[in-house]
Amino acid sequence: MKSPLLSLPGAVAAEGQDEGVAAHYGDLFREQRALADGTGLVDLSHRGVVTVTGDDRLSWLHLLLTQHVSELPAGRATEALILSPHGHIEHALYLVDDGATVWAHVEPGTQEALIGYLESMKFFYRVEVADRTDDFAVVHLPAGSIAEAPEGVAVRETSYGRDLFLPRADLESYAAAHGPVAGILAYEALRIEGHRPRLGFETDHRTIPHEVGLIGTAVHLDKGCYRGQETVARVQNLGKPPRRLVFLHLDGSEVHLPGHGTPVRLAADGAEGRQLGFITTSARHHELGPIALALVKRNVPLDAPLLAGDTAAAQETVVEA
């Protein structure tokens, strides 16, 4: 779905998973600085929006999600996962309940599969699941923003900002009143700085929550059973995950950023050494320079200099070995 904000001056369309919104509006670092200062907004209208209504919505979702939501207070933001039977991450949901409806935004294009799974699990519960992507657009206000949410709009308030489920028809007028608008690249740079994993970027078909630091934030360890819970409990109590997420400071002299999937190796082994992981997301940060997240084998030494393709990289721990 193409955002109307792509018609704003300077807008350059994003590609790949974020197609449909702007990558930037002509000045990436200015846009990052505005967000870091708590001004402006980010157009996330390409993300899927799913709602769950009905008297049983929270108790029902509690059975399916990795998060404890049976007694979720109205207005409290949370996030949750849906796992495969083997504990691999299949869906990531960013939730809030407004007292009558659970609102969730999800990765672009994943809402159809998510709704298909939820519908298959309804049984006798009094719930209704709906795809509201055509009607509502997600808008992100950075932490510190004084912009007000329109009355009646569901809001997820987190430590890094607020997500508004805005009627799609109001997107242009709201952006005009509360801009400047920052592109998705600025938002992603701050996400990488905050070590926040994203489905399909920091995850692949075999990622388990422990590997990317989602225990405690999206996975509650003291709740009842859910699909994949056995794997979560086994790794938590008896072992360690096979991989771990790391934050990388990249060599700033390189012109090109290593893209998603770029092999990561020990610097001591050179560019032909054994691959120990891969870049998940990279960005140019307004203060830190080139940065990235990567998924590497758990036994990679915590202080070892790395190579991302041909680019030197120094790592910081996100998930303990």
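Structure notes:
- Remark: the chain carries 44 Å² of accessible area per residue (probe radius 1.4 Å; ligands, DNA and RNA excluded).
- Carbon/sulfur fraction of accessible area - the range 1-103, other protein chains in place, 1.4 Å, %: 50 percent
- Additional length obtainable on full extension of the chain from A113 to E151, 0.36 nm per residue less Cα span: 10.6 nm
- Here the range 105-178 exposes an accessible surface that is 51 percent carbon and sulfur, computed with a 1.4 Å probe and the other protein chains kept in place.
- For the range 179-321, the Kirkwood hydrodynamic radius comes to 15.9 Å, computed from all pairs of different C-alpha atoms.
- Sorted from greatest to least, the principal axis extents spanned by the alpha carbons of the range 216-275 come out as 50, 22, 16 Å.
- Cβ-Cβ FRET estimate between M121 and S173, R0 fixed at 41 Å, reported to 0.05: 0.60
- Of the DSSP H helices in the chain, those whose Cα atoms cover at least 24 Å axially and whose Kyte score averages -0.5 or more: none
- The range 164-210: Rg to Rh, with Rh as the Kirkwood radius over Cα pairs: 1.14
- Sparse-neighbour loop sites [trypsin sites (Lys or Arg not before Pro); the range 143-225; at most 13 other C-beta within 10 Å; DSSP]: R206
- Proximal aspartates and glutamates to K122, defined as alpha-carbon separation beneath 18 angstrom and excluding residues fewer than eight positions away on the same chain: D55, D56, E112, D131
- Percentage relative contact order, the range 1-132, counting C-alpha pairs under 8 Å, at least six apart: 24 percent
- FRET efficiency for D27 and R234, using Cβ-Cβ distance with R0 set to 51 Å, rounded to 0.05: 0.60
- The gain in end-to-end length when the K297 to H260 segment is fully stretched comes to 11.7 nm, 0.36 nm per residue minus the alpha carbon separation.
- Normalised by 2.2 N^0.38 Å, where N is the number of residues, the C-alpha radius of gyration of the chain stands at 1.01.
- Relative contact order of the range 167-304: 26 percent, from C-alpha pairs under 8 Å at least 6 residues apart in sequence.
- Under the combined filter of DSSP loop state and at most 12 neighbouring Cβ atoms within 10 Å, the range 70-132 retains these GluC sites (Glu not before Pro): E71.
- Surface composition of the range 183-321: carbon plus sulfur atoms contribute 51% of the solvent-accessible area (1.4 Å probe, protein chains only, all chains present).
- GNM flexibility winner over the chain from F278, F124, F165 (Cα, springs under 10 Å): F124
- Count Lys and Arg as plus one, Asp and Glu as minus one, and take only other residues whose Cβ is under 10 Å from that of R33; the net charge is then -3.
- Packing here is the average count of other Cβ atoms within 10 Å per residue, and on that basis the peptides 32-41, 3-12, 256-265, highest first, run 32-41, 256-265, 3-12.
- Taking the chain and dividing mean pair separation by its residue count, relative contact order in percent (alpha carbons under 8 Å, at least six apart): 18 percent
- Cα gyration tensor category, rounded, prolate or oblate, for the range 1-111 with a/c compared to 1.5: prolate
- Anisotropy class of the range 46-141 from Cα gyration tensor, a/c 1.5 cut: rounded
The values are calculated or read from the model by the stated rules, or taken from the named source; none is laboratory data. A quick note: this is a predicted structure, and the numbers were derived from the prediction, not measured. Methodologically, a virtual Cβ is constructed for each residue, glycine included, from the backbone with ideal geometry; neighbour enumeration extends over all protein chains shown. Heads up: the accessible areas ignore ligands, DNA and RNA and are worked out on the full protein's heavy atoms, side chains in. Shrake-Rupley method; radii C 1.70, N 1.55, O 1.52, S 1.80 Å.
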